[in-house]
Amino acid sequence: MEKGTGFCKLFFQEGDKVIFLVMKHWTHWNHILSLLQITEALLKERDKQAKWNGIPLLLQKLYEHSHPNSDFSQCQSILKEISPLLSMEAMVYVTEDRKAAQESSFPNTYTFDLFGGVDVSVSFQYQKICMIIIPLKNLFSETEGVTRRLAERNDFVLFLFTLMTNKKTFLQTATLIEDILGVKKEMIQLDDIPNLASLVSSFDQQQLANFCRILAVTISELDTGSDDKHTLLAKNAQQKKNLGPSRAEINQATLLNIPGFIERLCKLATRKVSETTGTSTFLQELEEWYTWLDNALVLDALMRVANEESHIFAIFFSESSDESGLANTSTRTQLPQSMKIMHEIMYKLEVLYVLCVLLMGRQRNQVHKMIAEFRLIPGLNNLFDKLIWRKHSASALVLHGHNQNCDCSPDITLKIQFLRLLQSFSDHHENKYLLLNSQELNELSAISHKANIPEVDAVVNTDRSLVCDGKRGLLTRLLQVMKKEPAESSFRFWQARAVESFLRGTTSYADQMFLLKRGLLEHILYCIVDSECKSRDVLQSYFDLLGELMKFNIDAFKRFNKYINTDEKFQIFLNQINSSLVDSNMLVRCITLSLDRFENQSDAKVAEVLSECRLLSYMSQMSMRMSFLFRLINIIHVQTLTQENVSCLNTSLVILMLARRKEKLPFYLRTLQQMEYTEKYPGFILNNFHSLLRFWQQHYLNKDKDSTCLENSSCISFTYWKETVSILLSPDRTSPCAIVSYIDEAYMDIDRDFSEE
């Protein structure tokens, strides 16, 4: 036999014995492939000599008719012909006490297995399932009513999950489940899925990543789609009705109880492209095909077909039959690197979203502990340059109808999801210092020592084995790309939010100085003043970040004054603040709190900055503070309060609490009354403020997290917050600190019921 001879030539020259040896070393799948290479005439000829009873020919026909577009009735007819040939031997096997099967004893069964009959039959059953799933998928996409009716059947939805145990039906089933859950009115309970833990553990990493698409629907709170339902009134009313945890929260807890689940997600999120498997294919043109792909499931389906096709080509069309020949074929048909990267990006998108939701859930501390232990942050840091924030090439893959800078492109979406994860990870949690490397942690300690202030406990207690590796930590890398971001970039908002979350909580001078030394304040001011940013979302994120960066930090105000060094620049800055107080009120709160603290210090450096800084001088004017207070109260109402604008109410309270400390609260209330009359709306502002404070009591006195945030961000005890609100709401019209004392009876309207029905 010549080296490199094909299977059919082997068949002719070497006879049954050689065929047996070749097939014996091939997988069952290759048995089927080899069978397809044999002509019908040849099979009939050899069948007579070998006494195969027509089984190979029947199997060949069965395989040819077992594809999704074939007539399955033909397959059933063929199986009916084969069945009697095997049934007789099965009876003998049973009656002879299950003796070991031998070729001579059970020739039909042996032949059936030799030519891949088991795999053909199983494949036929899988195809029947696929024939059910694929039409359903198409029907759902075209007929929403059908989707909704089936979505109401929990038994059907749960049955679909059982079909995910097989790779041949996984992708079709996953897309079908995703479509159904997308229209289902009530969220499914993951605990109801049969053997969920076993199902998840059976997934390979690619399947697990795609399963995250389904999980995303089951662990995220349902969006009602109506803006008025997002008001705090509506949320509070809903919480009163639902005293227990929501279905999404229950599902989150279920996932966390699956052994190894978070660890596998962390590995998926941090693995490099070179660590992925099963990515060889037979067509370089696949890179062009990607233009019409819009999700990871479709891409997976294409790659699976590509892998199978590559396998076939390697067997039948290689120039050499030895291992080196197959290796050469694999090299020639290797998947384009850009597609490998895009495939990995699609996976990471789904995984990062699930981790992000879990980080914001009730089990946040448990999730934090696990993802720290599994080194998620150092892993993402190692991927930052080469994958997450990689430079676009001219041939970078994008979705059909989009471009590289489109918010819908996978590259862009991955960056945004990555930034959202950092924001959730850092927000009010001591693990935020894992975003630094050891050298940067030492720098924080040095800043504290130089300023003669105690080190932050969280910095001291950070496990150095879990922090970032390399020359720069993740936070520093983020700052570097943030400063290079184009003015029109959609990332600016998310970058600012991620960095701001690092500063939230109890104000840390060392954290602020760490960022100030890297030019963050100058970058923010450039964006606000010099580039005259117009995006409201970006401006709000910059104002919030600037507030956290400057709060109580005299060095920051000195740097501010050095950059905003002309009246023209300062006026542009004020115009940006005044253009939308909802967006800038957190900065107004920061300036107010800082000014109050600086005025009570006797340090010469502080006194110098107080006298020179335009911003502090501006806020020190009583008329300016009253103007801010009047407008902050006027732009919000109980019925329109949301998580976004409730900060305006808290900023107005901060101004009045500081006034109360200086025993000037009556003066502020009297001035508000005078401003009402000047505007010819007597009682309008104070009645509204009274209602807002009544709501404040209902909203905050039962929310430990919110009260802690207020206390940490203002350095004012929550007890003082509560006392001030109670004094302002006093019904005693003789009290100089009660709002009712400044509303004429003719304009009194403080008893209105604002509860959400």
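The values are calculated or read from the model by the stated rules, or taken from the named source; none is laboratory data. Remember, predicted model here, so these are calculated numbers, not experimental data. Counting neighbours? That spans all protein chains shown, and the Cβs are built from the backbone with ideal geometry, glycine included. Surface accessibility is based on the protein's heavy atoms, side chains included, excluding ligands, DNA and RNA. Shrake-Rupley method; radii C 1.70, N 1.55, O 1.52, S 1.80 Å.
With θ set to phi - 60° and the Karplus curve 6.51 cos²θ - 1.76 cosθ + 1.60, what are the ³J(HN,Hα) couplings of the range 503-516 in order, to the nearest whole Hz, using x for Gly and Pro?
Once rounded to whole Hz, the list reads 8, 5, x, 4, 4, 10, 4, 5, 4, 4, 5, 4, 7, 5.
State log₁₀ I(q)/I(0) for the range 523-682 at q = 0.10, 0.11, 0.16 Å⁻¹ as given by the Debye formula over alpha-carbon point scatterers of equal weight, solvent excluded.
Treating every Cα as an identical point scatterer, log10 I(q)/I(0) equals -0.37, -0.45, -0.96.
Please list, in order along the range 615-623, the HN-Hα scalar couplings obtained from phi with the Karplus expression 6.51 cos²θ - 1.76 cosθ + 1.60 (θ = phi - 60°), rounded to whole Hz, x for Gly and Pro.
5, 5, 5, 5, 6, 6, 6, 4, 4
Order 374, 598 by their accessible area, 1.4 angstrom probe, all chains in place, largest first. Don't skip to the answer; put the middle values down first.
Working: 374 60, 598 5 Å².
Ranking 374, 598 by accessible area, largest first, yields 374, 598.
Rank by packing, highest mean first: peptides 376-384, 479-487, with packing defined as the count of other Cβ atoms within 10 Å averaged across residues.
Packing order, densest peptide first, comes out as 376-384, 479-487.
Name the residue from 610, 553, 533 whose Cα lies farthest towards the positive end of the charge dipole of the range 527-645, charges +1 on Cβ of Lys and Arg and -1 on Cβ of Asp and Glu.
610
Can you list the residues, at least 5 places off or on another chain, whose amide H is less than 5 Å from the amide H of residue 360, using H built in the peptide plane?
none
For the range 51-58, just list the computed ³J(HN,Hα) in residue order, Karplus coefficients 6.51, -1.76 and 1.60, θ = phi - 60°, integers in Hz, with x standing in for Gly and Pro.
Rounded to whole hertz, the list is 6, 8, 6, x, 5, x, 5, 5.
Using only the alpha carbons of the range 457-579, determine the length spanned along each of the three principal axes and report them from longest to shortest in whole angstroms.
Dimensions of the range 457-579 along the principal axes of its Cα atoms: 49, 31, 23 Å.
With charges only on Cβ, +1 for K and R and -1 for D and E, what is the dipole size of the range 663-749 about its Cα centre, in debye, rounded to 20?
That gives a dipole near 100 debye.
Which whole-number percent is the relative contact order of the range 149-246 (Cα, under 8 Å, 6+ apart)?
Working: 55 pairs, mean separation 24.3, N = 98.
Once divided by the residue count of the range 149-246, the mean separation gives 25 percent.
If you count, for each residue, the other Cβ atoms within 10 Å and average over each peptide, how do 541-549, 579-587 line up from highest to lowest? Intermediate values should be presented prior to the final figure.
Values: 541-549: 23.8, 579-587: 20.2.
Most protected by this proxy first, the peptides run 541-549, 579-587.
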